[in-house]
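This report concerns only the one structure given below.
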Amino acid sequence: MKYIDEFRDGELAQQIGARIAAEADPARTYSFMEFCGGHTHAISRYGVMELLPPNVKMVHGPGCPVCVLPIGRIDQAIGLALAQGAIVCTYGDTMRVPASESLSLIRAKARGGDIRMVYSAADALTIARQNPQREVVFFAIGFETTTPPTALTLQLAKREGLTNFSVLCCHVLTPSAITHILESPEVRQYGTVPIDGFVGPAHVSIVIGSGPYEHFAGEYRKPVVIAGFEPLDVMQAILMLVRQVNEGRAQVENQFRRAVTSEGNLKAQAVVSEVFELRPSFEWRGLGEVPYSALKIREAYAAFDAERRFALDYKPVADNKACECGAILRGVKRPTDCKIFGTVCTPENPVGSCMVSSEGACAAHYTYGRFRDIPVVAATEEATP
């Protein structure tokens with residue numbers, strides 16, 4: 001298989017679906033968590049669930065970086081723009097995540113904050129060069145995929161001796177979050193669902209490789225299959241997970257062999273290791289405080305750390321009481337279990353973070369799945385008088 005449309009072949013998808021139905025044990029239920037938001041989007045967009053047997057369930061995980069970003073971190077970025085007068089740069093989806101006092105970055109921009117959407121950390125560095133008299137802060141979010149570009153930008157800023165550029169670092173780590181889901185008493189207290197295996201993230205695994213998943217696959221006896229983002233990738237990964245469960249295996253398998261290796265991108269890992277170090281703890285929306293699950297800027301780059309430069313204190317903020325994003329991120333509830341889904345909360349007016357990004361479970365279901373929830377009623381012809 002060479003071209004993208006080959007990985008979207010409907011006939012092949014039906015054949016894989018039939019194979020899953022044939023091999024799945026009808027006497028049991030299979031619950032697999034797709035950790036990555038890209039997989040959530042693919043499953044909704046291509047109707048993967050319609051091709052699976054009823055006893056194979058997919059659980060949405062907390063793998064959308066915008067969705068897991070807690071309100072308190074967005075409040076910090078808003079404060080830098082409105083109170084400190086800094087130019088705050090960030091990715092597009094982050095602009096719309098709801099924060100405290102009915103604000104978001106885009107609403108703070110309407111109030112006069114100089115907040116700019118960028119496509120990369122390098123764009124923020126360019127803005128800093130163009131505005132030497134202004135403080136420029138890059139609000140950095142994302143998993144291991146977006147961390148290396150931020151690290152490279154910090155290296156470049158240090159090399160150039162820029163004094164008006166800093167980074168508000170909110171980069172988070174995938175393996176720590178998965179381990180937390182499996183073992184944390186706090187998460188069990190919040191509520192979670194039994195998980196038989198994981199569809200491992202694609203782009204993250206290109207950077208970190210398949211090795212980091214070995215620990216919890218062996219320790220917690222949960223199989224992991226790293227999968228690409230196309231529908232046939234996801235379906236093949238589900239078939240591989242069904243086979244592992246049936247055979248009593250708990251191994252890390254790599255379906256996405258065309259891009260992922262066991263060791264990952266060693267150059268990217270080295271750059272990240274030079275610039276960042278582990279945080280002892282970091283709050284995730286829906287998961288609470290997760291130990292060693294995020295990165296902070298090392299002492300050697302402290303001059304570019306916005307938290308130190310502006311003496312920022314983190315204050316946790318509770319989510320909107322009407323919003324079920326926390327439970328949805330843990331896989332406890334589905335988007336349609338939320339009372340405000342599709343009414344008060346829509347992609348145009350998101351109340352919760354899961355409705356902001358196209359990778360969010362709520363946004364994906366709103367775009368591709370909400371009409372499937374409407375029962376089909378056969379039309380009847382009215383008798384004419």
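The values are calculated or read from the model by the stated rules, or taken from the named source; none is laboratory data. The structure presented is a predicted model; accordingly, all values stated were derived computationally and were not measured. Positions of Cβ are generated from backbone atoms using ideal geometry, with glycine treated the same way; all protein chains shown enter the neighbour counts.
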Next on the checklist: Of everything in the stretch 325-374, what is surrounded by fewer than 24 Cβ atoms within 10 Å (Cβ to Cβ), of a type in the set (Val, Ile, Thr) and assigned to a helix (DSSP H, G or I)? Give them in sequence order.
Outcome noted: Thr336, Thr367
Next on the checklist: Can you confirm whether Tyr119 is under 26 Å from the mean Cα position of the chain (by Cα), of a type in the set (Phe, Trp, Tyr) and under 19 Å from Ala306 (Cα atoms)?
Outcome noted: no
Checklist outcome for this item: Considering only strands (runs of 3 or more DSSP E) wholly within the stretch 30-121, the ones with at least 2 residues that are closer than 25 Å to Arg243 by Cα are 30-36, 56-63
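Condition check ((1) in contact with a Cys (Cβ under 7 Å, 6 or more places away or on another chain); (2) buried (at least 22 other Cβ atoms within 10 Å of the Cβ); (3) within 24 Å of His171 (Cβ to Cβ)) across all residues:
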site	(1), (2), (3)
Ser205	no, yes, yes
Ile226	no, yes, yes
Met235	no, yes, no
Arg258	no, no, no
Glu277	no, no, yes
Item to check | Every pair of residues 6+ apart whose Cβ atoms lie under 7 Å, when the first sits in the stretch 17-34 and is farther than 22 Å from Gly200 by Cβ and free of Cβ contacts under 8 Å to residues at least 24 places away in the same chain while the second is of a type in the set (Ser, Thr, Tyr) and in a helix (DSSP H, G or I) | outcome: none
Item to check | Number of the exception - Asp9 against (1) farther than 21 Å from Gly248 by Cβ; (2) under 26 Å from the mean Cα position of the chain (by Cα); (3) surrounded by 15 or more Cβ atoms within 10 Å (Cβ to Cβ) | outcome: (2)
Checklist entry - Listed residues Gly112, Gly92, Gly47; which is surrounded by fewer than 19 Cβ atoms within 10 Å (Cβ to Cβ) and touching a Gly at 6+ places or on another chain (Cβ under 9 Å)? => result Gly47
Checklist entry - Would the stretch 311-324 turn up any residue that is in a helix (DSSP H, G or I) and out of contact with any Asp or Glu (no Cβ under 6 Å at 6 or more places or on another chain)? => result no
Checklist entry - With respect to Val68, is the statement that it is under 23 Å from the mean Cα position of the chain (by Cα), β-branched (Val, Ile, Thr) and at pLDDT 95 or above true? => result no
Next on the checklist: If Glu144 satisfies all but one of (1) assigned to a helix (DSSP H, G or I); (2) surrounded by 17 or more Cβ atoms within 10 Å (Cβ to Cβ); (3) acidic (Asp, Glu), what's the number of the condition it fails?
Outcome noted: (1)
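May I ask you to verify whether Arg308 is over 25 Å from Ala86 (Cβ atoms) and basic (Lys, Arg)? Reasoning before the result, please.
Values: over 25 Å from Ala86 (Cβ atoms): no; basic (Lys, Arg): yes.
Spelling it out, it is not the case that Arg308 is over 25 Å from Ala86 (Cβ atoms) and basic (Lys, Arg).
Kindly indicate which of Ile238, Ile208, Ile226 is of a type in the set (A, V, I, L, M, F, W, C) and farther than 25 Å from Gly47 by Cα.
On the way: Ile238 fails: farther than 25 Å from Gly47 by Cα; Ile226 fails: farther than 25 Å from Gly47 by Cα.
Step by step, each of Ile238, Ile208, Ile226 is checked, and only Ile208 is of a type in the set (A, V, I, L, M, F, W, C) and farther than 25 Å from Gly47 by Cα.
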